[in-house]
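Structure, as structure tokens:
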Amino acid sequence: MRQVIIIVAILIPVFLTAQKSIRFVGGINYTRTKHTVFKYGLTADTLNIITMNKDAIILPHIGFEYDFKTYNKVSFTTGMGISMMGTANYSDIVVQLPPKYPQRSNKDLKIIYLRIPLMIKYEVMNQFYAFVGYSFNYSIRKNQSILDAHPGTFPPEIGFIYRNYHHAGIFGLRKDWRHLSISANYHLGLSRVYDTEIFNAYSRAYLSLSGIQCSVGYKISE
């Protein structure tokens, strides 16, 4: 806790004296999921690992970003936005649940996240930047019921295995002009959309999310 307070105390005067700008951004997410299943046997050498890469889907995102230019070529960026991510044909991997948990007719998985990025940006050449950072995503809506049926009980015990928080690493490039900018980054999921590790002792399954995010921005102040 003391280290966090020290870091915040150092950063606040840096941000207050930095050259600042704000821009509104919008664009698309090209994302997909990977479904991994561990099936345990009687011995360690009977462990089977099955992975399934699902089809990509294109979904929108909007928001704003706030830039703090602290040094000649280095700046920090944060902000907030609404970002929709997911995968196509997701329901093909959903387990068959009892009738009181009906499956949705839409096979795609669409998750709406409240997205808060924190990035450090370096100017490689004339307003052309490389950036790296972290994205915190909080799920505010999804179109699928993400559940798991425990195989050791009858009738099957149903558990909610979905995780509302999604953490991701960001790696990308951005080009600015006077008011306009374009950017693209790779979204690398650091946490899982769901994980059955605790709920299901007979097999383990988890879903990871990754993709590419492309944006167009308009700077309104500096």
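The values are calculated or read from the model by the stated rules, or taken from the named source; none is laboratory data. All figures in this text were calculated on a predicted structure; none of them were measured in a lab. Glycine gets a Cβ as well: all are built from the backbone with ideal geometry, and neighbour counts include every protein chain shown.
ILE198 - would you say it is outside any strand (DSSP E or B), among the hydrophobic types (A, V, I, L, M, F, W, C) and either surrounded by fewer than 19 Cβ atoms within 10 Å (Cβ to Cβ) or modelled with pLDDT of 75 or more (or both)?
On the way: outside any strand (DSSP E or B): yes; among the hydrophobic types (A, V, I, L, M, F, W, C): yes; either surrounded by fewer than 19 Cβ atoms within 10 Å (Cβ to Cβ) or modelled with pLDDT of 75 or more (or both): yes.
Spelling it out, ILE198 is indeed outside any strand (DSSP E or B), among the hydrophobic types (A, V, I, L, M, F, W, C) and either surrounded by fewer than 19 Cβ atoms within 10 Å (Cβ to Cβ) or modelled with pLDDT of 75 or more (or both).
Every residue in region 60-79 that is charged (D, E, K, R), part of a strand (DSSP E or B) and surrounded by fewer than 19 Cβ atoms within 10 Å (Cβ to Cβ), please. So that I can check it myself, show each step before the final result.
Narrowing region 60-79 to residues charged (D, E, K, R): 65, 67, 69, 73.
Okay, now just the ones that are also part of a strand (DSSP E or B), so 65, 67, 69.
Scanning region 60-79 gives a single hit, LYS69.
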